[in-house]
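Chemist: What follows is a structure written as structure tokens; I'll ask about it next.
The values are calculated or read from the model by the stated rules, or taken from the named source; none is laboratory data. Please read all numbers here as calculations on a predicted model, not as lab measurements. So basically every Cβ, Gly included, is an ideal-geometry build from the backbone, and we count neighbours across all protein chains shown.
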Amino acid sequence: MRQPLPVLALGCILAAGQAMIATEASAQVPQKVEHMASPAPSAFSAPKPIGVEADVYCTGWLADEPEAYPATIVSAELVDSKDSFIEGDVLYLDAGASTGLAAGQEFWIVRPTRTVYRWESVTDRIGQVSETPGRVRVLCVQETSAIAEIVLSCSDTRIGDRVLPFEPIPIPLVRRTPPLSSCDPKTGKITGQIVDVHDAITPLHIDTVVYLDIGEMDGLLPGDFLSIYRYPASATTQVATGELAMPASTTANLESIRTTLGELAILTTRKTTSVAIITSMRDTMYVGDRVELK
């Protein structure tokens, strides 16, 4: 039976009113998606490589022991027209099959350079910087000589440079953690010093490669991070020279204060030395600044 028109109209009005109330109520309900908490940031970053291939293959090392070189570069194919050589040039070595050289072998090109002493000493020897201008591959050998080609150039190779057997070096993968501040306490771990710098760059800056006087025997490994710090001049030099007259207890307190300058990461290690790259910097740094394992 059909409803009278006024009744039907009243029903429509009531239904519309109920729908509007429901809509307003739902609008007031917090939306879960909008108010979900964001995931907490991780305290550690994802593993990332420290440096590039040039940082491990072209920066040499601080040799802490005498090295035995199996051969020396004594001449080159283009020796009459040039006195330095790059990738693709052919070199002649003074060793061959009689001493174990064979076609296909690869060697570091090594150039021993300056001697490094402990900071503020001229007699306490740490080692000798060995530069690595590049790498060669033996093409063919005779009994007491060999012909080799430069397959990697970091800088020019010269007659008289030596060679050492080559072994690939992986670039360290590391997780970076927040750098320490000057208010953070000492970690109590191994400490050392920056004793020399690759390419004689000074002052130091981010991505500078440096040599340290600590290594494998101290527990260092490639990928380790160390803080770089320095004691304030007023806490050391001025007290030591008498410019500041202070009781011994006060001097001891001052000597516990240090300024954090930045951080570095270990690229390669030897027994008592290591090669590192500066990864962060808060203030100017120099050879002689101290480092501490994080």
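Chemist: Say whether the condition of being in the same structural domain as Leu152 (by TED's automatic domain parsing), in contact (Cβ under 8 Å) with a residue 40 or more places away in the chain and either closer than 30 Å to Thr191 by Cα or of a type in the set (S, T, N, Q) (or both) is met by at least one residue in region 87-98. First the steps, then the outcome.
Modeler: Just the residues of region 87-98 that are in the same structural domain as Leu152 (by TED's automatic domain parsing), to begin with: 87-98.
Now drop any that are not in contact (Cβ under 8 Å) with a residue 40 or more places away in the chain, which leaves 87-98.
Next, from what is left, pick out any that are either closer than 30 Å to Thr191 by Cα or of a type in the set (S, T, N, Q) (or both): 98.
Taking every residue of region 87-98 in turn, at least one turns out to be in the same structural domain as Leu152 (by TED's automatic domain parsing), in contact (Cβ under 8 Å) with a residue 40 or more places away in the chain and either closer than 30 Å to Thr191 by Cα or of a type in the set (S, T, N, Q) (or both).
Chemist: Which of the residues spanning region 148-198 are part of a strand (DSSP E or B), assigned by TED's automatic domain parsing to the domain that holds Phe107 and of a type in the set (Ser, Thr, Tyr)?
Modeler: Scanning region 148-198 gives Ser153, Thr157.
Chemist: Can I ask one more? Need pairs with beta-carbon distance below 6 Å; first residue part of a strand (DSSP E or B) and within region 127-140, second of a type in the set (Asp, Glu) and modelled with pLDDT under 95; sequence gap 6+ or separate chains.
Modeler: That search, which allows pairs on different chains as well, returns Gly127/Asp64.
Chemist: For Thr113, state whether it is closer than 27 Å to Thr208 by Cβ, without any contact (Cβ under 8 Å) to a residue 24 or more places away in the chain and in a strand (DSSP E or B).
Modeler: Values: closer than 27 Å to Thr208 by Cβ: yes; without any contact (Cβ under 8 Å) to a residue 24 or more places away in the chain: yes; in a strand (DSSP E or B): yes.
Taking the combined requirement at face value, the residue satisfies it.
Chemist: What's the number of the condition Ile214 fails, among (1) in contact with an Asp or Glu (Cβ under 8 Å, 6 or more places away or on another chain); (2) farther than 22 Å from Asp89 by Cβ; (3) not hydroxyl-bearing (Ser, Thr, Tyr)?
Modeler: In the conditions (1) in contact with an Asp or Glu (Cβ under 8 Å, 6 or more places away or on another chain); (2) farther than 22 Å from Asp89 by Cβ; (3) not hydroxyl-bearing (Ser, Thr, Tyr), Ile214 misses (1) alone.
Chemist: For region 80-123, enumerate the residues that are buried (at least 17 other Cβ atoms within 10 Å of the Cβ) and small (Gly, Ala, Ser).
Modeler: Answer for region 80-123, where residues must be buried (at least 17 other Cβ atoms within 10 Å of the Cβ) and small (Gly, Ala, Ser): Ala95, Gly96.
Chemist: So how many residues does region 208-264 have that are at pLDDT below 95 and of a type in the set (D, E, K, R)?
Modeler: Number satisfying all stated conditions: 4.
Chemist: Looking at Val129, is it on the phi < 0 side of the Ramachandran plot, out of contact with any strand residue (DSSP E or B) (no Cβ under 7 Å at 6 or more places or on another chain) and among the hydrophobic types (A, V, I, L, M, F, W, C)?
Modeler: It is false that Val129 is on the phi < 0 side of the Ramachandran plot, out of contact with any strand residue (DSSP E or B) (no Cβ under 7 Å at 6 or more places or on another chain) and among the hydrophobic types (A, V, I, L, M, F, W, C).
Chemist: Say whether the condition of being farther than 16 Å from Arg270 by Cα and in a strand (DSSP E or B) is met by at least one residue in region 203-211. Break it down into steps so the answer makes sense when it comes.
Modeler: Within region 203-211, the first condition is being farther than 16 Å from Arg270 by Cα, and the residues that meet it are 203-208.
After this cut, where a residue has to be in a strand (DSSP E or B) as well, the list is 204.
So far as region 203-211 goes, yes, one or more of its residues are farther than 16 Å from Arg270 by Cα and in a strand (DSSP E or B).
Chemist: To continue, here is another question. Within region 123-145, can one find any residue that is at pLDDT 95 or above and in contact with a Pro (Cβ under 6 Å, 6 or more places away or on another chain)?
Modeler: Taking every residue of region 123-145 in turn, at least one turns out to be at pLDDT 95 or above and in contact with a Pro (Cβ under 6 Å, 6 or more places away or on another chain).
Chemist: Of all the residues that make up region 145-155, how many are closer than 23 Å to Val52 by Cα and crowded, with 17+ Cβ neighbours inside 10 Å? Can you show your working first?
Modeler: To start, the set of residues in region 145-155 that are closer than 23 Å to Val52 by Cα comprises 150-155.
So of that shortlist, the ones also crowded, with 17+ Cβ neighbours inside 10 Å come out as 150, 152-154.
Qualifying residue count, region 145-155: 4.
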